[in-house]
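Have a look at the structure below before the remarks.
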Amino acid sequence: MHRIGGSGPAAACSTGAGCGRRFPARLGGLGALAVAALLGGCATYHALPLPRQAHLAGALSALRTEVPPLQPGASPRRIRVNRPLRPGDIGLLAVLNDPALRTESGYLAAAQASLLQASLLPNPVAGLVYEPQLGGAGVAPSWTATLAEDVQSIITYHTRVAAAHDALEQVDAGLLWREWQTAQQARVLAVYLYWGHDALRASRREARLLDREARAAHAAAASGSLDMRSLAPILAAKAGADQTLANLTLAQLRAWQALDALLGLEPTVRFPIAAARAVALPRHIAPLLASLPERRPDLVALKMGYHSADENVRTAILGQFPALVLGAQWDQDNGNIRNGGPTAQLDLPIFNRNQGQIAATRATRLVLHAQYQARLDAAVGTVRALAVQIRRLHRAVRQAHRAALAAQRLARSAQRAYGRGDLDERALADYLTGALARRLEADTLERTLGQARIAFTLELGLGLPQVRIVPVAQI
């Protein structure tokens, strides 16, 4: 390069050649300080080793039982596990201790990290080129310094942050819905186990009674006072009762193991279950259905997902404008002449005007719109169907209990008649098995009604906490 105006060492000194030689060293020192400051605020690595053994609790007392308050400043509620638990409390214990929900909270932390990332503008790009003089007539080393910022990211900042915020709300509401479903599953299992215990107790009682009658009939047949053909009905009834008892026992075992898994307990833990509280269901569901989109977490999650997709459409539309990078540049040539001024880079939208991204975001928004409508239709239809089922189940339960009591009275009368010799073995077996069948039918209908009521409250978004009660994992 050549220097304009003056020549020789004197001219070089008059233009500050010495300052030009000291400038790169000073710039390098400032750069080192900036790098040290940036490194001081950097995150550091901390190991998170995997567990080497299962963390299953051996008793209810080892579970987390403190329910965070729903209102700020209120005191937390503690679930008392030293007494029979109602299905509602068992549902809360499942939400507090279910191992699967602990992993779900990690998705919320990831969504929070995405919001943080969207809230950050890209760093300015700084550049420095330093070329020391190796020979020739130059009087100073040459250097070029640049600083630039992507303007496009600033233009789309608002819509990107709004989309990330809506995505966070979607994950949060989705986690609450999964907590509600976990609570519902635990409550349904509790109702199943409660009425299953009642059915199991009745089945054992009938099995013991038939076993006693079968032994007596065996003794009578051995002494010759009873025909072997008369023994067959009692033996068949006893075999049927034993099979029913075995099936009920296996079903109870599976239900207990499923509930223990939800609570994070060892599969052999057992505890007493109390009857569910009789909660009056709403008579008029039309107002509740009208407010369903604001109350049910899954619908809220879909709504937030749709809003996030809508903001992504806006971002894609803003992205069709040419990408613009603004900055500044300073340089010095070998003749110690310095220049500086603004710089600009602009994409020419000839081939790519972001058409593909716009089409993709619009298609995603359309899919989420259809999903929301489908979920809302399914929710309203399920609520109305369950309302009809519950009304019919109420009538069926009353009739089944009356029939069970009548069959039980007939069975006792048949036992007395059989003891007097007024009734044969076949008739007695029919009365006893009929009474057991009626009792099991009533228990099954009670269980079905309880499960339908739980499903009804869930579908309407009632009877469950309105805030997340599982803390976000510290990652």
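The values are calculated or read from the model by the stated rules, or taken from the named source; none is laboratory data. Computed from a predicted structure; not experimentally measured. Note that we place each Cβ from the backbone using ideal geometry, even for glycine, and neighbour counts take in every protein chain shown.
Just name the residue that is nearest to Val139 (Cα to Cα) out of those in the range 333-368 that are without any contact (Cβ under 8 Å) to a residue 60 or more places away in the chain, in contact with a helix residue (DSSP H, G or I) (Cβ under 7 Å, 6 or more places away or on another chain) and in a helix (DSSP H, G or I).
Only one residue tops the list, namely Gln357.
Conditions first: (1) among the aromatic types (Phe, Trp, Tyr); (2) at pLDDT 85 or above; (3) in contact with a helix residue (DSSP H, G or I) (Cβ under 9 Å, 6 or more places away or on another chain). Trp330 passes all but one, so which condition is the exception?
Condition (3) is where Trp330 drops out.
Tell me the residue from Pro322, Pro282 that is at pLDDT below 90, in contact with a Leu (Cβ under 7 Å, 6 or more places away or on another chain), within 30 Å of Arg86 (Cβ to Cβ) and surrounded by fewer than 17 Cβ atoms within 10 Å (Cβ to Cβ), please.
On the way: Pro322 fails: within 30 Å of Arg86 (Cβ to Cβ).
Only one candidate passes the filter, namely Pro282.
Of all residues in the range 62-82, which are of a type outside the set (Lys, Arg) and under 24 Å from Ala261 (Cβ atoms)?
Passing the criteria: Ala62, Leu63, Thr65, Glu66, Val67, Pro68, Ile79, Val81, Asn82.
Residues checked against (1) modelled with pLDDT under 95; (2) under 30 Å from Leu245 (Cβ atoms); (3) in contact with a Ser or Thr (Cβ under 6 Å, 6 or more places away or on another chain):
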| site | (1), (2), (3) |
| --- | --- |
| Arg160 | yes, no, yes |
| Ala164 | yes, no, yes |
| Leu168 | yes, no, no |
| Asp172 | yes, no, no |
| Leu176 | yes, no, no |
| Glu179 | yes, no, no |
| Thr182 | yes, no, no |
| Val188 | yes, yes, no |
| Tyr194 | yes, yes, no |
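For residues in the range 83-138 being out of contact with any Gly (no Cβ under 6 Å at 6 or more places or on another chain), surrounded by 12 or more Cβ atoms within 10 Å (Cβ to Cβ) and among the polar types (S, T, N, Q), which is farthest from Ala258 (Cα to Cα)?
Applying the filter and picking the extreme gives Gln133.
Can you find, within the range 451-465, the residue that is nearest to Gly381 (Cα to Cα) among those that are among the small types (Gly, Ala, Ser) and at pLDDT below 90?
Among those residues, the one meeting the criterion is Gly461.
Filter the range 345-392 down to the residues that are modelled with pLDDT under 90 and of a type in the set (A, V, I, L, M), then identify the one that is surrounded by the most Cβ atoms within 10 Å (Cβ to Cβ).
Leu346
Any idea which of Glu131, Glu179 is within 18 Å of the chain's Cα centre (by Cα) and charged (D, E, K, R)?
Only one candidate qualifies: Glu179.
Going by the conditions given, is Leu299 farther than 30 Å from Val139 by Cβ and assigned to a helix (DSSP H, G or I)?
yes
Restricting to the range 70-88, what's the tally of residues that are at pLDDT below 90 and in a helix (DSSP H, G or I)?
The total comes to 1.
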